[in-house]
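Notes follow the structure.
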Amino acid sequence: MSKAGKEIELKLDISPEALEGLKKNGTYSGFTSGRATTRTLQSIYFDTPDQDLRAAKISLRVRKSGRSWVQTAKLGTGMHGPLSSPIEAEHPVTGPNIDFSVISDPDVLEVLTKTIGDKPLEPCFENEIRRTTRLITSKTDGTQIELAFDNGEIKAGDRTQPFAEIELELKSGSTAPLFAAAREITGDTPFRFSPYNKAERGFRFAGGETDDQKLPKLADEIGLLADETVELAYRQILRSCLGQIAHNRMVMLESGDPEGPHQLRVGLRRLRSAFRMFRPVLNPVSLDRLDATAQALAGEAGELRDLDVLTEEIVAPLSAFVPPGLKLDALLDHMNVMREACRASLQSHLNQPDINSFLFDLAAYTETRGWLDPENFGQTALLGQSVRAFSRTALQKRWKKVSKYGARIDELAIPERHDMRKALKKLRYGTEFFGSLYPKTEMKPFLRRMKRLQDVFGYLNDVAMAEKLLVMPPPKKGDAVAIQQAVGFVVGWHEAQAHAMWTHAKEYWTDTKKTPRFWL
């Protein structure tokens, strides 16, 4: 191209085995498909010794396809939720070296030369990709998408790392069909939204950075700006929730790490909290179905999380205190059977196409402004207001709910304590969403006291869950009487601890309500 252009791509990480199966299917409901072509691409990525281009979110490569070489500069290469949307400048070159003389766009050339300065460019890594592409067209609005199945390998020195990725690049039309096409292409095949583009993936591998894609993903730290609009803040928060949910779905499928279902549930709860927090400025109809699906899935993940907590944090730690003759191991064995059955059930559901549909629907909602209400003429002003002003109102509203329970803390019944715990959690999610808008020195005292209070309420909730052991189904094999005796010991032990902890909860509440609220 003679001038730089902006590309929009949806990138999905997938297993190499699944990729090979999916690329054989060329029929997608709602789309017409062109012929598939396959070629081998060899790319060399360049940067300065200090990786100045990478730091500026710029990638610079030469790529060989057949006998031809093409030089590509991409500006703004970071992922924006599930999408990549860099400015791209492509030019033919004669060989595997960078040639700035072919760049015809003066703005791109200026950015590159200023970023590089007088530093030399050097090859950093290579990749080789076997790419199968086809052009698909939406039957609804004519949107054209280039679909690419990439089975590749990164090369850095004498080391290699395989990767497999599906790319959907918008060639013309609107963004929404990208997600509809992805839903049709993947079916029930699990995927991750790619957290890195190919350049960043290569730099991480070449630098020996740990592959964190197998580890549970905690909530991202959200960085909002004080002058940011409510709408932009909402989108950023949704992207964080979507990434956490999609990633931990894969962790759940690939490992038995108990943090997988925990962080999956956290992501779903954060999403539902965001829906409620921003509801005054949204079209409520647009999120009802997403909210209902998130609630149901959080319930499933919660069942497994509760069993993990009961086993690892409530029952197992008492092994050192068991009186002679009590068979705590029998109880643990029974609970492990129950939680593995629960894990298998959840994993089975996470492999179903309705989970892919939920993720793509949430991604489409996030990236295509799915919250707009065509009949609400005042919505534009609401979405355009300062997020800092909005956050004050939202946080104060949640504080009032907590305070309503706190004012009666001496007389709260067990169900009300549970409600207060949930109100505290919603307030905490709000502080995580909006915390970057406020000085850390003002936030820390409040958050420290609130965390201490939450820890107590969390333990009290775990003890309440332990009482459910009294009515759990008996084992098909084993000593049911011995298990019930062990349950009685566990419940009695923790109820005694809970009585003392409740006294601390009241003290911590007094400290928390006296602490200045940083958003006022």
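Every read-out reported here was derived from the displayed coordinates using simple, explicitly stated rules and does not represent laboratory data. What you are looking at is a predicted structure, and each value in this text was computed from that prediction instead of being measured. Reconstructed Cβ throughout: ideal geometry from the backbone, glycine too, with neighbour counts over all protein chains shown.
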Original post:
So which of Lys11/Lys198; Lys23/Lys217; Lys6/Lys155; Lys64/Lys171; Lys11/Lys139 end up more than 19 Å apart by C-alpha?
Top reply: Lys23/Lys217; Lys6/Lys155; Lys64/Lys171; Lys11/Lys139
Original post:
Taking every pair of alpha-carbon atoms in segment 189-238, what share in percent sits in each 10 Å bin, from 0 to the bin with the longest distance?
Top reply: 18, 35, 33, 14, 0
Original post:
How compact and how long is the chain, expressed as Rg and Dmax of its alpha-carbon atoms in Å?
Top reply: 26.6, 84
Original post:
Got the relative contact order for the chain handy, in percent, Cα pairs under 8 Å and 6 or more residues apart?
Top reply: 14 percent
Subject >> Alpha-carbon centroid distance for the pair segment 91-124 / segment 444-520, whole angstrom >> reply: 61 Å
Original post:
So what's the back-of-envelope 222 nm ellipticity for the chain, counting only DSSP H runs of four-plus at -39500 (n - 2.57) apiece and dividing by all residues, rounded to 500?
Top reply: -16500 deg cm²/dmol
**OP:** Specify the longest stretch of the chain that does not include any exposed loop site, a site being one of the GluC sites (Glu not before Pro) with a non-H, G, I, E, B DSSP assignment and at most 12 other Cβ atoms within 10 Å.
**Re:** 1-208
Original post:
Listed here are the pairs Lys401/Lys514; Lys422/Lys513; Lys426/Lys468; which of them are more than 20 Å apart at the Cα?
Top reply: Lys426/Lys468
Subject >> Rg/Rh (Cα only; Kirkwood hydrodynamic radius) as it applies to segment 230-514 >> reply: 1.01
Original post:
How big is D, in µm² s⁻¹, for segment 154-221 by Stokes-Einstein at 10 °C and 1.306 mPa s if Rh is the Kirkwood radius over C-alpha pairs?
Top reply: 108 µm²/s
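Considering the convex hull of the alpha carbon atoms of segment 20-95, report its projected area averaged over all viewing directions, in nm², one decimal.
The directionally averaged projection comes out at 7.7 nm².
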Original post:
Using modelled backbone amide H atoms (1.01 Å from N, in-plane), which distant-in-sequence or interchain residues come within less than 5 Å of Phe31's amide H?
Top reply: Lys139
